[in-house]
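Below is one structure, written out as structure tokens, with a few remarks after it.
Derivation of every value follows stated rules applied to the coordinates shown; laboratory data play no part. Predicted, not measured: the structure shown is a model, and the values here were computed from it. Every residue, glycine among them, receives a Cβ derived from its backbone with ideal geometry; neighbour counts consider all protein chains shown.
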Amino acid sequence: MTKDKIEKLIAQLTLQEKVDMIHGNGLFATKGVERLGIPPFMTSDGPRGVRKDFGSASWKEVGLSYDYVSYLPCNTALAATWNRALAHDTGKLLGKEARGRGKDMILAPGINIMRSPLCGRSFEYMGEDPYLVSELVVPLIQGVEENDVAACVKHYAVNNQETRRLEVDVEVSERALREIYLRGFEAAVKKGKVKGIMGAYNKLRGTHCCHHKYLFEEVLRREWGFEGIIVSDWGGVHNTKEALLNGLDMEMSVTSDFENYYMADPMIQMIECGEVNKKTALAKIDEKVRHILNVMSQLHMLDGERNAGGYNDYNDKAALRQTARESIVLLKNEKNILPLDKKKIKKLLVVGENANRQHASGGGSAEVKALYEITPLMGIHMLLGGNTEIVYKPGYYNEDIGNIWANTGDSENGQADSLNQDNVESPAPSALVVSEEKRQHQREMNEKYLKEALEAAKDVDAVIFVGGLTHDYDTEGQDRADMKLPYEQDRLISELLKIRPDTVVALVAGSPVNMHTWLDDASSLLYSWYSGMEGGIALAEVIFGDINPSGRLPETFPISEHDCPAVVLGEFPGGDRVHYGEDIFVGYRYYDTYDVPVAFPFGYGLSYTDFVMTGIRAEVLEDTVESKAVKVSFDISNIGGRAGAAVAQIYVADKYPKVKKPAKELKSFEKIYLEAGETREVSLMLEREAFTYYDEMSHSFRADAGNYMLLLAKNAEEIVDVTEIELKS
Ligand code: BGC
């Protein structure tokens, strides 16, 4: 629809009709204007697949038979693939099913930076590095939007913790804000052309992000040229006037008193009683409606032929499995314990509750009613078939203590209740009030399960342990209290390793855990995330060598939470105000610059084959103040015995920085598949962005002339080759 036609539509709308379009009239929908052919706008969560349907005014799930969907690998898993094409495939499938379910906007992806490993929603995000996030979020958005569905990148901005998330006030320098926390959003808008963005619950510099003039009007609209819809997080609006004037387009919330929403009746009353300048207010409302109609028009909701979307089919399933495969990170493989040889294993012991647990239905709004979910235990059965005896022992007892989200979906007010509890001093799950009786039961069961597992480990050909976290820990609404593995898994792993030093240790989790008590004793270690409905088979394929692992950590695994810069230099979770004292030194930018030892560095991951990368060379093709192009080339060989994929990482280090900078920063990467014995020359391009930092004086990103080291690396700690360039302008 042309801009003219949209203006004509706006001119025909009454004030009430306009207001109805800019606030929820259902928990996930706004009202349409039937007489003018404007449909309601339907939204749905979320990042791991299209969420089940709720009643329009109740959080009780409808219980449809047709809202089972593909359960996609969580965003951290996707980030661990370091594969842009898979991000596109994932987005495509998400958009297709969202459209297939009649949605107009999918409330995904989440791209908040992992500032602390304890953040409960880390699993919904893409790790700690703004460049990696930017590179993956763009194809993901494009994939979604190819289906005539809007993506909604969230949560804008600095929503980096769950503790007191509705009120917490973030203090962060402008430089850190721009370089670390906004970068992914900037890429989503400028490069991904995303059609939706969600304001965050928390405050930034004293104002709630859902009506933040600076974030919305100055940065998002004016600087980045965003033309899509700014939607509030559910219940994130607190002030009618600010919501009206500061750029929010659509208010959504968790209660069913829709006419009482801030941008509903209270807004009309505010205009009528002259509390705001009427002309300004009406112009602002028109602007909101214009943004909504614009997006509706682009999605062919107003005219033209609209993509119908669809459901998971054979190809989608293959893409999903490939993403799960490529997300698994091999962290340790001494004595080449992995892969296990199927033919040599007649009797196998699988230990660990996560081997047998499904995760799709947990985590908060990222929950999914999965078509199916293959657990690791099932995946192992599928792969080994009938010739191997597989014994399963849970090894530890998971009482299912639940979390504040546990009842969402069963109760009339599920998500609304969970928000109310957010305001209470948020109890981390391990500190949840559990009765002494329950604790005693947990202890007794743990003891029993431990004994059974150790006994069983004595006469088998191989032992695989699958433990980690669950969505009682990786969850919306709560941060973890520490990085400790729950349910006494540390003790179980240590004991298992005493009996069977060759035990394969695999962890399923959405964020890093502390492994120091047994890490030195384990010869092998695999990290799998909540990796979607094909995750269990993918893990089995990696363990038994059908697939050569190629995942790389999208975030540093610190030894413990006490090492984390948010704690050492800043505050986490802090009080009502949280000062981001670590500034730009987030993740490896800190560990690297301040020489802090970590369990596993950012970008780390092993393979069953070996790669050699050498001969880095660079050519400055363009060097003006506004534009730069540096071609970086190197050679990579697979010198091992089997095909596999390496992730070549290029970090840039300013040799004589004029301002304080991290020791180095990731500025390019490429996932490269090589047959055994194959060598290839690879060229990558660094653009101006690779050399910039945010200059608070000039309020802009600037690139200083000078000498830059270009580091070819396997991960943030392992630099394999270096070259130097000089930029003259
Ligand atoms: C979450 C959002 C989600 C919304 C709707 C909020 O609690 O923070 O990520 O999209 O609910 O369910």
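Before moving on, here are some points about what is shown:
- Helix axis angle, 414-423 relative to the chain longest principal axis, alpha carbon, degrees: 90
- For segment 715-729, 3J(HN,Hα) per residue [Karplus equation, 6.51 cos²θ - 1.76 cosθ + 1.60, θ = phi - 60°, Hz, x = Gly/Pro]: 6, 5, 9, 10, 8, 9, 7, 9, 9, 10, 10, 10, 9, 8, 10
- Whole-Hz ³J(HN,Hα) from phi, Karplus 6.51 cos²θ - 1.76 cosθ + 1.60, for segment 611-621, glycine and proline x: 10, 10, 10, 8, x, 5, 9, 9, 9, 7, 8
- Calculated FRET value between Ser633 and Leu64, using beta carbons and R₀ = 60 Å, to 0.05: 0.65
- Compared with the alpha-carbon gap, the fully stretched path from Glu436 to Ser698 is longer by 88.4 nm at 0.36 nm per residue.
- By other beta-carbon atoms within 10 Å, ranking Glu541, Glu444 with the fewest at the front produces Glu444, Glu541.
- Cβ-based exposure ranking for Leu606, Leu215, in which fewest neighbours within 10 Å come first: Leu606, Leu215
- Our summary gives segment 1-135 a relative contact order of 21 percent, counting only alpha carbon pairs under 8 angstrom and 6 or more residues apart.
- The listed peptides 150-156, 450-456, ordered by packing as a protection proxy, come out as 150-156, 450-456 (highest mean of other Cβ atoms within 10 Å first).
- Amide H to amide H, with H built 1.01 Å from N, Ala108 comes under 5 Å of Cys152, counting only residues 5 or more places away or on other chains.
- At full extension, Glu399 and Asp303 could sit 29.3 nm farther apart than now, given 0.36 nm per residue minus the alpha carbon distance.
- Sorted on the mean count of surrounding Cβ atoms within 10 Å across their residues, most packed first, peptides 635-643, 373-381, 675-683, 69-77 read 69-77, 373-381, 635-643, 675-683.
- Value of relative contact order over the chain, rounded to a whole percent, pairs C-alpha under 8 Å and six or more apart: 15
- Most to least packed among 390-396, 340-346, 411-417 [average Cβ atoms within 10 Å]: 390-396, 411-417, 340-346
- When each of Tyr694, Tyr656 is scored by the number of other beta-carbon atoms lying within 10 Å, the sequence from fewest to most is Tyr656, Tyr694.
- Asp595 paired with Asp461, simple spin-label distance in nm, labels 7 Å along Cα-to-beta-carbon: 5.0
- Prolate/oblate/rounded label for segment 444-547 (Cα gyration tensor, a/c 1.5): oblate
- Computed extension gain for Asn336 through Ala705, at 0.36 nm per residue and net of the alpha carbon distance, reaches 128.2 nm.
- Ellipsoid fit via the Cα gyration tensor, the chain: semi-axes of 41, 32, 24 Å, each the root of five times an eigenvalue, largest first.
- The Arg443 and Lys344 beta-carbon pair, evaluated with R₀ = 51 Å, returns a calculated FRET efficiency of approximately 0.85.
- Phi angles of segment 359-371 translate, via the Karplus equation with coefficients 6.51, -1.76, 1.60 and θ = phi - 60°, into HN-Hα couplings of 10, 4, 8, x, x, x, 5, 8, 4, 9, 8, 6, 3 Hz per residue; Gly and Pro are given as x.
- Under a 5 Å amide H cut-off, with hydrogens placed 1.01 Å from N, Asp695 pairs with Ser700, Phe701, Arg702 among residues at least 5 apart or on other chains.
- The relative contact order of segment 611-727 comes to 30 percent, based on Cα pairs under 8 Å that sit 6 or more residues apart.
- Two-site label geometry, Lys451 and Glu678: point separation in nm, points 7 Å out along Cα→Cβ: 5.4
- Two-site label geometry, Val722 and Glu223: point separation in nm, points 7 Å out along Cα→Cβ: 3.3
- For segment 262-378, lysine pairs with C-alpha atoms less than 26 angstrom apart, excluding pairs fewer than eight positions apart on the same chain, total 13.
- Over the chain: helical MRE at 222 nm, DSSP H runs n ≥ 4 each giving -39500 (n - 2.57), nearest 500: -7500 deg cm²/dmol
- Rounded if a/c under 1.5, otherwise prolate or oblate - segment 545-670, Cα gyration tensor axes: oblate
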